[in-house]
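Here's the structure, in structure tokens; my notes come after.
The values are calculated or read from the model by the stated rules, or taken from the named source; none is laboratory data. All of these numbers come straight from a predicted model, not from anything done at the bench. Positions of Cβ are backbone-derived with ideal geometry, glycine not excepted, and every protein chain shown enters the neighbour counts. Note: accessible area is taken over every heavy atom of the protein model, side chains too, but ligands, DNA and RNA are not part of it. Shrake-Rupley method; radii C 1.70, N 1.55, O 1.52, S 1.80 Å.
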Amino acid sequence: GQSLEQPSEVTAVEGAIVQINCTYQTSGFYGLSWYQQHDGGAPTFLSYNGLDGLEETGRFSSFLSRSDSYGYLLLQELQMKDSASYFCASHGGDSWGKLQFGAGTQVVVTP
Amino acid sequence: DVKVTQSSRYLVKRTGEKVFLECVQDMDHENMFWYRQDPGLGLRLIYFSYDVKMKEKGDIPEGYSVSREKKERFSLILESASTNQTSMYLCASLGQGAHEQYFGPGTRLTVT
């Protein structure tokens, strides 16, 4: 089957660095995306990795290793507004754009 | 500004009722998706459509159907609502060749 595993919750203080790991089993895999969702809000796209390596977008970076079926999202210089759920989502299968989502990681940022 | 809208933020229906959830996007996207989101389960794909009148089953299509008569509109239908369909329903759209899905605000459906 297809599945993604990520931790359920991470707590960190303002200014810290948090890494959210994601392992996946996806047939026909071709990429990994990350989405952020605040309580009561819609998921919003953060990043996409189609190739191995690190993609950096401001304070957030995302990494992919195809050989390990593994990726992570790195949140740097944590701010209170970063408290949210973060989902990894794998792209694969025979239909463009079809995503398989992980269960989500709730990040709690404390003062 | 990109926009995906859903017909209702909150909806309460009775068991056995037929329920329509509407989603409209203004980005001329080919692909549209319906997900349900439940605590601890993430987002699960119900149905998606890659063109007008085209649809494909996602991971949990049982008890649902969809309709896409126009490019900008994708409807989710619960033929006979049941209590286990109480959930948050999210619609999304995606441009051809793109990676970023744009989500609507969601409809929280309660079936009593």
Query raised in the report: Of all residues in segment B:1-48, which are of a type in the set (G, A, S), open to solvent by less than 50 Å² (accessible area, probe 1.4 Å) and either within 11 Å of chain A (Cβ to nearest Cβ) or under 16 Å from B:F74 (Cα atoms) (or both)?
Result: B:S8, B:G42
Report summary line: Filter segment A:27-41 for residues that are surrounded by fewer than 18 Cβ atoms within 10 Å (Cβ to Cβ) and within 24 Å of B:C23 (Cα to Cα); the one that is modelled with the lowest pLDDT is A:G40
**Report entry** Per-region count, segment A:76-100, residues open to solvent by 70 Å² or more (accessible area, probe 1.4 Å), within 14 Å of another protein chain (Cβ to nearest Cβ) and without any contact (Cβ under 8 Å) to a residue 40 or more places away in the chain
**Finding:** 1
Query raised in the report: Could you list, in sequence order, the residues of segment B:80-99 that are at pLDDT 95 or above and surrounded by fewer than 21 Cβ atoms within 10 Å (Cβ to Cβ)?
Result: B:S80, B:S82, B:T83, B:N84, B:Q85, B:T86, B:S87, B:M88
Requested in this report: Please go through segment B:100-110 and pick out each residue that is surrounded by 19 or more Cβ atoms within 10 Å (Cβ to Cβ) and of a type in the set (S, T, Y).
Outcome: B:Y102, B:T107
Query raised in the report: Looking at this structure, is B:V66 over 15 Å from B:F103 (Cβ atoms) and open to solvent by less than 30 Å² (accessible area, probe 1.4 Å)?
Result: yes
Query raised in the report: Taking the condition in contact with a strand residue (DSSP E or B) (Cβ under 6 Å, 6 or more places away or on another chain), closer than 26 Å to B:P105 by Cα and away from every other protein chain (no Cβ under 14 Å), does A:L73 pass?
Result: yes
Report task. Within segment B:53-94, track down each residue that is out of contact with any Asp or Glu (no Cβ under 7 Å at 6 or more places or on another chain), more than 12 Å from chain A (Cβ to nearest Cβ) and among the polar types (S, T, N, Q). Result -> B:S67, B:S80, B:S82, B:T83, B:N84, B:Q85, B:T86
